[in-house]
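Structure, as structure tokens:
Read the figures in this text as sums done on the coordinates, not as results from a lab. From a predicted model like this one, the values you see are computed outputs, not experimental measurements. As a convention, Cβ positions derive from the backbone with ideal geometry for all residues, glycine included, and neighbour counts pool all protein chains shown.
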Amino acid sequence: MAVSFKIVTLGCKVNQYESAYLASELVRSGWMHAGPGRPADVVVVNTCIVTATAQRQSRQAVRKAIRENPGALVAATGCYAQVFGEELSGIPGLHLVVDNREKVRLPELLRDNGKGQGSVRVLGRPFGDRVPFQHMPLESFPDRSRAFLKIQDGCDAYCSYCIVPYARGPCRSLAPGRVLEGLETLSRRGYREVVLTGIHLGRYGADLGEGVDLVGLLGLILRENLPLRIRLSSLEPGEIRRPLIEMAASEERLCAHFHIPLQSGDDGVLRRMNRRYGRADFARVVRAIRDEIPQAGIGVDVMAGFPGEDEKAHGNTKALLRDLPVSYLHVFPYSPRKGTPASRFREQVEPSRIKERAAALRNLGNRKKRAFQEACLDRVFEILVERGGAEEGGLCEGTSENYLTVRFPLAGARIGDLVPVRTELSVRGALVGSPTGGCTAVGGGAEGI
């Protein structure tokens, strides 16, 4: 009888990609996904520690896996396992701890452990300077509408609040030829959108030499003329330069969507964060995007309550974001990460004050989102169908190239189709519209995704 398994994923798109790879390798070896609500023989928890909340949720997920799957082999991997493996391994009932460096070997370790080789613990080891990119090729993705492709890993920025460089190691990149192979495979499988993702995506190619960078890679991808639109995950402000903006403005296949970490709109706080730009630099980038691409979606990460952030600094952040044409905000309350310089800074902000500031920023973000939606009414966008369509009576919901949620009626649509839709109304956080023509159907292999 086949071994059944579950994978529980916390955190970023890179973790989601790596979990999809682990699942595909286990299925390839003859294992099967456990059905919903059914216990599994093996459970993997792919953990996150980017915030205190994520760390707590990771521990809760491990305990829940042990509790709900009696007798199962339970393994933990991911960033928690990399940085605090010894701490994680103290949870009773956890059998296997695998750090990020060894994550690619996890299917093999699980199969070996399942054959009765006894309890195994692979605890976190610090990354060295020379760590190769571990390619995890995927032919399909659990999300039937879009796929991710991990093309970069690691971060050398060492922002004072961030644990990620310790959890992910130095910057390293997937060779351009391998990127093209991955995109060709996903295209053949019927996907019409692929998100290029990494831990520090804008540093793509820095380790490859010979002038390889993200803009050059995008040029190679676009010359392949694959029937795909490409979306980029988060990019630092200093990595969004004129050639990239002009490429996004002229190429319909490159989504007009930028997600940019600001973290603070106060120059003093930015210096304490070890961020390598000022508020004026950030403003120039946002305005350059909006000038070149008027309907571009511009999302912003912002942190509330960093140590030393007083009311004036918080006000500077709100004022900067209020005056800039951004589309939405992702707000994060600051939480100290053990092992980072900021955790030892004086002037830690009271939790109640952090909560108040985060709420104020979220309210601002809601207003920005509504204003952006209204500015995008009575325009035609290509919507990637993510739910509904022929499967649910013809009412579809999907995402535009500039990251708007749009609902529309089209009985013949399938998940993964691209449909041109004219937006007409803004209703409850989404736009409502009508199709203007036929849809670009997914390829023949998509039904099995």
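Quote the charge dipole size of segment 125-193 about the Cα centre in Debye, to the nearest 20; the model charges only the Cβ of Lys and Arg (+1) and of Asp and Glu (-1).
Rounded to the nearest 20 debye, it is 140 debye.
Give me the extension gain from Arg284 to Leu377: residue separation times 0.36 nm, minus the current Cα-Cα distance, reported in nm with one decimal.
30.9 nm
Which residues among segment 73-104 fall inside the zone where the amide N is under 16 Å from a point 7 Å beyond the Cα of Lys64, along Cα→Cβ?
In segment 73-104, the label zone of Lys64 (backbone N under 16 Å from the point 7 Å along Cα→Cβ) covers 75-77.
So which residue, out of Ser140, Ser19, Ser89, gets the largest mean-square fluctuation from a GNM of the chain using Cα contacts under 10 Å as springs?
Of Ser140, Ser19, Ser89, the most mobile in the Gaussian network model is Ser89.
Any idea what the relative contact order of segment 1-122 is, in percent, if you count C-alpha pairs under 8 Å spaced at least 6 apart?
22
Fewest Cβ neighbours within 10 Å first, please rank Leu222, Leu88, Leu201, Leu254 accordingly.
With the sparsest Cβ surroundings first, the list reads Leu222, Leu254, Leu201, Leu88.
What is the Cα radius of gyration of segment 273-400 over 2.2 N^0.38 Å, N being its residue count?
1.32
Taking Cα pairs under 8 Å and at least six residues apart, what relative contact order does segment 83-238 come out at, in percent?
21
Hey, fewest Cβ within 10 Å first, where do Glu224, Glu424 land in order?
The order, fewest Cβ neighbours first, is Glu224, Glu424.
Where Rh is the Kirkwood radius over the Cα pairs of the chain, the temperature 37 °C and the viscosity 0.692 mPa s, what D in µm²/s does Stokes-Einstein return?
141
I want to check the label-to-label distance for Ala359 and Tyr158. Put each point 7 Å from Cα in the C-beta direction and report it in nm to one decimal.
3.9
How about Lys6: which aspartates and glutamates have a C-alpha closer than 12 Å to its C-alpha, ignoring those fewer than 8 places off in the same chain?
Partners found: Asp41, Glu68.
Arrange the following residues from fewest to most other Cβ atoms within 10 Å of their Cβ: Thr317, Thr51.
Thr51, Thr317
Treating only the Cα positions of segment 278-322 as identical point scatterers, give the base-10 log of I(q)/I(0) from the Debye formula at each q in 0.16, 0.18, 0.22, 0.28 Å⁻¹.
Evaluating at q = 0.16, 0.18, 0.22, 0.28 Å⁻¹ gives log10 I(q)/I(0) of -0.51, -0.62, -0.83, -1.10.
Please enumerate, by chain and number, the aspartates and glutamates with C-alpha under 19 Å from the C-alpha of Lys103, excluding those fewer than 8 residues away in the same chain.
Glu18, Glu25, Glu86, Glu87, Asp112, Asp129, Glu139, Asp153
With a cut-off of 8 Å between alpha carbons and a minimum separation of six or more residues, what is the relative contact order of the chain in percent?
For the chain, the relative contact order is 11 percent.
Could you calculate the contour length gain from Arg223 to Ser343, that is, 0.36 nm times the residue separation minus the distance between their Cα atoms, to one decimal place in nm?
Gain in length upon complete extension: 38.6 nm.
Which of the lysines could a cross-linker span from Lys368 if the Cα-Cα distance has to be under 26 Å and same-chain partners fewer than 8 positions apart are dropped?
Partners found: Lys13, Lys312, Lys318, Lys355.
Please work out the ratio of the alpha-carbon Rg of segment 4-114 to 2.2 N^0.38 Å and round it to two decimals.
Compared with the compact-globule rule of thumb, segment 4-114 sits at 0.95.
Would you compute the Debye intensity of segment 1-58 from its alpha-carbon atoms alone, equal scatterers and no solvent, and pass along log10 I(q)/I(0) at q = 0.12, 0.18, 0.30 Å⁻¹ to two decimals?
Listed by q, the Debye log ratios stand at -0.32, -0.65, -1.16.
Please identify, among Gly35, Gly398, Gly169, the residue showing maximal mean-square fluctuation in a Gaussian network model of the chain using a 10 angstrom Cα cutoff.
Evaluated over the chain, the most mobile residue of the options is Gly35.
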